[in-house]
Amino acid sequence: MQDKIGKRIRTFREKQDLTLEAMAERTGLGIDFLKAVEEEGMYPSLGPLLKIARALGVRLGTFLDDQVSRDPLVVRLDERQEELTMHGGDHAAAFRYFPLGQGKSDRHMEPFFIEILPESGKDKSLSSHEGEEFILVKSGQLSVTYGREETILEAGDSIYYNSIVPHNVSAAGDEKCEIYAVLYFPE
């Protein structure tokens, strides 16, 4: 999936006759970072990926979709597939994403089932982007830093916040945390 996302980004950029330099200006991201995404299959976190989508004038889900639109969309547990893995600062896997909206191309929200590995707690850097996030903890403990406040959530707890405020989500402790997350990005 990571390789496919980079190829799609490059295709959209080239269709608009944008150079990597122009893309870097539009996104505020470095040229080396953008090259790594497009050519080396590096998967950025949601903040930078949203900046890329905005710079190209597309929805975030555009990079995940396979041009199929189903309504209503049903995703059975045994059909759920991991589509991407995000790595932490030490390049260890930290998040495993299972998209739940893939196949509904006219969606306005991005629903995910996410496995957050203990390694995620090593990087507490904050990110922000337009929109809102809703998270429901299925298992384990989740650490959510929102601005300067840290909250620990347990199974059954939920949180809903404006994602323009700098935030960080990671597993709390030494065990994996599983969550359902719905992200909304305004057009």
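Scanning segment 13-29 for residues that are of a type outside the set (A, V, I, L, M) and under 25 Å from E132 (Cβ atoms), we see that the one that is surrounded by the fewest Cβ atoms within 10 Å (Cβ to Cβ) is G28. Here F98 qualifies as of a type in the set (F, W, Y) and modelled with pLDDT of 75 or more. Among the residues of segment 129-153, those that are assigned to a loop (DSSP other than H, G, I, E, B) and open to solvent by 50 Å² or more (accessible area, probe 1.4 Å) comprise E130, R148. Looking for whichever is more than 17 Å from S45 (Cα to Cα), without any contact (Cβ under 8 Å) to a residue 40 or more places away in the chain and either touching a helix residue (DSSP H, G or I) at 6+ places or on another chain (Cβ under 8 Å) or outside any strand (DSSP E or B) (or both) here; the options are G156, G173. Which one fits? Selected residue: G156, the only one of G156, G173 that is more than 17 Å from S45 (Cα to Cα), without any contact (Cβ under 8 Å) to a residue 40 or more places away in the chain and either touching a helix residue (DSSP H, G or I) at 6+ places or on another chain (Cβ under 8 Å) or outside any strand (DSSP E or B) (or both).
Taking the residues in segment 30-64 that are modelled with pLDDT under 75 and under 17 Å from K15 (Cβ atoms) as candidates, determine which candidate is least open to solvent (accessible area, probe 1.4 Å). Per the stated criteria, the residue is F63. Scanning segment 106-124 for residues that are open to solvent by less than 70 Å² (accessible area, probe 1.4 Å), touching a strand residue (DSSP E or B) at 6+ places or on another chain (Cβ under 8 Å) and part of a loop (DSSP other than H, G, I, E, B) yields L117, D123.
The values are calculated or read from the model by the stated rules, or taken from the named source; none is laboratory data. Small disclaimer: the values here were computed from a predicted structure and weren't measured. All Cβ positions, glycine included, derive from the backbone under ideal geometry; neighbour counts span all protein chains shown. Quick note on the areas: whole protein, heavy atoms, side chains included, nothing else; ligands and nucleic acids left out. Shrake-Rupley method; radii C 1.70, N 1.55, O 1.52, S 1.80 Å.
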